[in-house]
Amino acid sequence: MSAGQTESKPAQHHLRRNPPIVGEAEAIAAAQAGDEKAFETLYALHKRRVYSLCLRMLGNVAAAEDLTQDAFLQLYRKIGTFRGDSAFSTWLHRLAVNVVLMHLRKKGLPQISLEEALEPSQDDGPRKDIGARDLRLSGSIDRVTLERAVENLPPGYRLVFVLHDVEGYEHNEIADMLSCSIGNSKSQLHKARMKLRDLLRTGQRKEAAV
Amino acid sequence: MTEKNPQEPTMTDCADFQDRLPELFETGANLNEEEHLKQCENCTALVRDLEYIAQQAKLLLPIHDPSPTVWDNIRSAIKSDMGQNSGTSSSARSAT
């Protein structure tokens with residue numbers, strides 16, 4: 001299976017990520033009718049995923065908590081507009097992604113276009129791997145190591161990597177969210193994976209040297 | 001003088017292959033059929049690692065929980081929203 005082929009099953013990927021949750025439909029209906037307890041139930045069901053998404057996109061606990069709060073407040077205000085055209089979790093996570101992107105635009109990205117902001121400096125970028133004989137990664141990295149490496153990606157790479165490889169969004173959706181071209185999204189994803197490989201191999205070399 | 005093995009991949013071959021790699025991944029091309037990979041151990045390892053990273057990323061399930069303060073803040077903001085709304089409705093009602 002190629003890294004590209006893994007994106008050929010987005011529906012399955014979304015389904016695995018967004019499995020039906022027992023009691024969710026009732027909680028949504030009740031929350032739409034103004035039931036606060038039901039809204040609390042929805043928070044309990046989805047807080048972990050929304051927060052993890054914010055944390056991975058931002059790499060900062062305080063900001064991730066603030067934006068989790070913003071996302072659920074928006075949910076509270078907009079839940080009446082949810083019509084069930086997509087899974088609730090898909091709808092909520094898209095809402096959360098938009099909250100994070102809005103925050104990033106306000107914070108630092110507006111001075112330059114997102115297209116430019118997505119391109120890290122030369123120093124941050126991945127290198128071509130030519131002529132190197134080195135450790136192989138396969139089978140040797142654990143979840144914590146990968147999480148840490150993702151945190152250390154340059155922000156533009158991290159956004160695309162998290163949205164595509166972790167959250168399962170497709171390039172056309174990412175291009176739409178980030179206001180960049182599909183080609184740019186694909187290119188950033190490849191560079192992100194290359195950079196991750198660099199980071200993971202550097203970590204392995206350090207471990208081997210100890 | 002040492003003669004270069006024509007089968008042995010050159011740095012240019014690797015650079016060319018790695019330039020094409022994003023497109024090969026995105027189109028889901030069968031990389032087993034890539035001539036360069038049959039000869040180049042280094043690019044084969046690169047492809048294997050990138051596939052592995054993409055696979056492992058899909059296993060990064062949500063594991064972090066926000067602190068309880070987050071819900072406390074949400075609840076306070078909702079109450080404040082509700083207070084404003086009921087204030088607005090009552091003032092709207094009193095205006096009619």
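Residue count for the stretch A:51-70, restricted to those that are facing another protein chain (nearest Cβ under 8 Å) and free of Cβ contacts under 8 Å to residues at least 60 places away in the same chain: 7.
In the condition set (1) free of Cβ contacts under 8 Å to residues at least 24 places away in the same chain; (2) within 15 Å of the chain's Cα centre (by Cα), A:Glu207 is compliant with all but (2). Checked against (1) in contact with a Phe, Trp or Tyr (Cβ under 9 Å, 6 or more places away or on another chain); (2) at pLDDT 90 or above, A:Asn172 meets all criteria but (1). Return yes or no: is A:Thr202 within 11 Å of chain B (Cβ to nearest Cβ), more than 18 Å from A:Cys54 (Cα to Cα), part of a helix (DSSP H, G or I) and modelled with pLDDT under 90? When the stated conditions are applied, A:Thr202 does not pass them.
Residues in the stretch B:5-19 include none that are outside any helix (DSSP H, G or I), within 8 Å of another protein chain (Cβ to nearest Cβ), surrounded by fewer than 21 Cβ atoms within 10 Å (Cβ to Cβ) and modelled with pLDDT under 90. A:Ile79 satisfies every condition listed in (1) at pLDDT 95 or above; (2) within 30 Å of A:Gly183 (Cα to Cα); (3) of a type outside the set (D, E, K, R) except (2). Is it the case that B:Arg93 is among the basic types (Lys, Arg), modelled with pLDDT under 90 and not assigned by TED's automatic domain parsing to the domain that holds B:Pro9? Taking the combined requirement at face value, the residue satisfies it. Just name the residue that is farthest from A:Glu167 (Cα to Cα) out of those in the stretch B:52-82 that are in contact with a Ser or Thr (Cβ under 6 Å, 6 or more places away or on another chain) and not hydrophobic (A, V, I, L, M, F, W, C). Among residues in the stretch B:52-82 that are in contact with a Ser or Thr (Cβ under 6 Å, 6 or more places away or on another chain) and not hydrophobic (A, V, I, L, M, F, W, C), the one farthest from A:Glu167 (Cα to Cα) is B:Pro66. Among the residues of the stretch A:57-109, write down those that are among the charged types (D, E, K, R) and surrounded by fewer than 17 Cβ atoms within 10 Å (Cβ to Cβ). Correct list: A:Arg77, A:Lys78, A:Arg83, A:Asp85, A:Arg94, A:Arg105, A:Lys106, A:Lys107. Checking the structure you have, find out if any residue of the stretch A:39-49 is in contact (Cβ under 8 Å) with a residue 40 or more places away in the chain and either outside any helix (DSSP H, G or I) or of a type in the set (Gly, Ala, Ser) (or both). Checked against the condition, which is being in contact (Cβ under 8 Å) with a residue 40 or more places away in the chain and either outside any helix (DSSP H, G or I) or of a type in the set (Gly, Ala, Ser) (or both), the stretch A:39-49 yields no hits at all.
Does B:Glu51 satisfy the condition of being modelled with pLDDT under 90 and either of a type outside the set (S, T, N, Q) or surrounded by 12 or more Cβ atoms within 10 Å (Cβ to Cβ) (or both)? Answer is no for this residue.
The values are calculated or read from the model by the stated rules, or taken from the named source; none is laboratory data. Predicted model only: the values in this text are computed from it and were never measured. All Cβ positions, glycine included, derive from the backbone under ideal geometry; neighbour counts span all protein chains shown.
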